[in-house]
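Contents: one structure, followed by commentary.
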Amino acid sequence: MGEGMAGDIGWQVEVFFDSECPLCSKEIALLRRLDKEDRVRFTDIAQPSFSPPEGLEMEALMDRIHGRLPGGEIIEGVEVFRRLYAAVGFEWAVKPTRLPGISGALDLAYRVFAKNRLKWTGRCDAEVCTVHGADISRAEDGGQ
């Protein structure tokens with residue numbers, strides 16, 4: 001379930017986020033402040049009560065950001081950010097991100113971030129990362 005949604009009427013996108021990620025939490029805090037019309041449903045995957053929606057695994061949710069549209073369609077990566085920022089009133093800033101050169105650069109930058117976010121946020125030591133209080137082994141490719 002999303003947090004803080006009064007009746008969930010009118011939401012445009014649900015975001016599955018990791019509140020234990022410092023960078024992720026800062027962006028979510030910004031989006032919460034901008035979401036004056038409750039267009040975003042915020043779902044924290046770090047909560048003990050969280051259970052992945054049908055068709056998604058926790059590993060995939062940790063590997064990259066995911067979202068869900070009101071009709072049930074799952075989106076991931078940069079498209080989630082596009083939908084989030086459009087929902088809070090920044091449609092004008094989202095449009096250029098769909099241009100071929102910009103879109104490709106953003107996709108690449110996000111893949112690099114996602115692959116390294118645990119390490120960059122101090123949640124890894126050598127080949128072990130701590131996620132939600134448990135140690136996980138890192139794959140050779142970085143796992144994230």
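The values are calculated or read from the model by the stated rules, or taken from the named source; none is laboratory data. Keep in mind that this is a model prediction, so the values were computed, not measured. Counting neighbours? That spans all protein chains shown, and the Cβs are built from the backbone with ideal geometry, glycine included.
Being under 16 Å from residue 23 (Cα atoms) and either exposed (fewer than 15 other Cβ atoms within 10 Å of the Cβ) or modelled with pLDDT of 95 or more (or both) is the filter here, so list the residues in region 101-110 that pass it.
Within region 101-110, the subset under 16 Å from residue 23 (Cα atoms) is 109-110.
Within region 101-110, 109 is the sole residue that qualifies.
Considering only helices (runs of 4 or more DSSP H) fully contained in region 50-100, which possess at least 3 residues that are at pLDDT below 95? Steps first, answer last, please.
Details: elements: 58-63, 78-87, 91-94.
Output list reads 58-63.
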Can you work out which of the residues in region 5-44 that are at pLDDT 95 or above and in a loop (DSSP other than H, G, I, E, B) is nearest to residue 67 (Cα to Cα)? 12
Mind listing whichever residues of region 53-75 are surrounded by 15 or more Cβ atoms within 10 Å (Cβ to Cβ) and either farther than 15 Å from residue 86 by Cα or aromatic (Phe, Trp, Tyr) (or both)? 56, 61, 62, 63, 64, 65, 66, 74
